[in-house]
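Report on one structure; see the data block that follows.
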Amino acid sequence: MRVTQNMEQAQFLTALNQLESSISTTQNGISTGLAFTTASENPVGAGLVAGYNQVLAQSQQYTSNGNSATDSLNIEDSALTQLQNQLQSLRDLALEANNATESPSDLSAIATQVQQIQGSILSLANTQDGEGNYIFAGYSTQTQPFAQTATGATYSGDQGQRQVQIGAGQTVVVGDNGDLLFNSIGGPFRATIAGK
């Protein structure tokens, strides 16, 4: 086969077009920071990128869940710390009221304080997070868990214990139900003072 000048020119132009395409691809990669812009340019690479993106999205969700769990547990911890302080105040008032030297007016003042503390405890048992969810209601986060009754308080939440996934196969509890915390420790909490 005889190589003509036209064939040489055609080969040269084909090589020149391939070189120009390669330069364009390289420049595009430099400007965008991407090795390829369409899956057809590198199907194997595109599959790997899709897998990495999925793992990254899952990791970001786990991080978000972890942050949410931390926030929920911090709110619960704060409420329980305040509850502990209120219970200590009730204990101190009970010891004070048990003193035989207290006058009826002193006992009446103590009874008033006890009722105020009872209200504070009820408020703490109905603590809500920043999104308006009741933290001690179990899964029923939109239901106020405790309501005042003539004999103490009733629980309207459920027995659930909310959890979130913070890693592959790892979950963490993000709240305790109020029935477990307030009622199962020895019966419903109720304070009464004789004669009041």
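Please list, in chain and number order, the residues 5+ apart from I166 or on another chain whose amide H is under 5 Å from its amide H, with Hs placed from the backbone.
Correct list: T171, V172.
Can you work out the FRET efficiency for the pair E20 and N42, with r the C-beta to C-beta distance and R0 = 30 Å, to the nearest 0.05?
Values: r = 20 Å, r/R0 = 0.66.
For E20 and N42, the calculated efficiency is 0.90.
Which label belongs to the value computed from this structure, given these candidates for log10 I(q)/I(0) by the Debye sum over Cα atoms at q = 0.12, 0.13, 0.18 Å⁻¹: (i) -1.10, -1.18, -1.32; (ii) -0.87, -0.94, -1.20; (iii) -0.78, -0.85, -1.17?
Among (i) -1.10, -1.18, -1.32; (ii) -0.87, -0.94, -1.20; (iii) -0.78, -0.85, -1.17, the one derived from this structure is (iii).
So for the chain, averaging the separation of alpha carbon pairs under 8 Å that are six or more residues apart and normalising by length, what relative contact order in percent results? If you can, show how the numbers build up before the last one.
Working: 186 pairs, mean separation 31.1, N = 196.
Once normalised by length, the contact order is 16 percent.
So what is the 222 nm mean residue ellipticity for the chain from helices alone, if each DSSP H run of at least 4 adds -39500 (n - 2.57) and you divide by all residues, rounding to the nearest 500 deg cm²/dmol? Could the numbers behind the result be given before it?
Working: 3 runs with 105 residues, N = 196.
Theoretical 222 nm ellipticity from helices: -19500 deg cm²/dmol.
Under a Cβ-only charge scheme (Lys and Arg +1, Asp and Glu -1), can you give me the dipole magnitude of region 46-180 about the Cα centre, in debye to the nearest 20?
Once rounded to the nearest 20, the dipole reads 360 debye.
Picking from A109, N133, S21, whose Cα lies most toward the positive end of the charge dipole for the chain (charges on Cβ: Lys, Arg +1; Asp, Glu -1)?
S21
Cβ under 10 Å from F136's Cβ, F136 left aside: what net charge do those residues give with Lys, Arg +1 and Asp, Glu -1?
Cβ neighbours under 10 Å give a net charge of -3.
May I ask for the distance between the Cα centers of region 1-51 and region 135-159, given as a whole number of Å?
After rounding, the separation between the Cα centres reads 67 Å.
Points 7 angstrom from Cα along the Cβ direction at T70 and Q142: gap in nanometres?
Those two pseudo-labels are separated by 3.0 nm.
Put +1 on the Cβ of each Lys and Arg and -1 on the Cβ of each Asp and Glu in the chain; which of T149, G160, Q118 then has its Cα farthest toward the positive end of the dipole?
My answer, from the dipole projection, is G160.
Once you put a point 7 Å from the Cα of V55 and another 7 Å from the Cα of A150, both along the Cβ direction, what distance in nm separates them?
It works out to 6.5 nm between the two label points.
Calculate the spin-label point distance for A35 paired with S105, positioning each point 7 Å from the Cα along the beta-carbon direction, and give it in nanometres.
Once both label points are built, they end up 8.7 nm from each other.
No lab work stands behind these numbers, since they all come straight from the coordinates. As the structure is a prediction and not an experimental result, all values here were calculated from the model. Every residue, glycine as well, gets a Cβ built from its backbone with ideal geometry; the counts of neighbours run over all protein chains shown.
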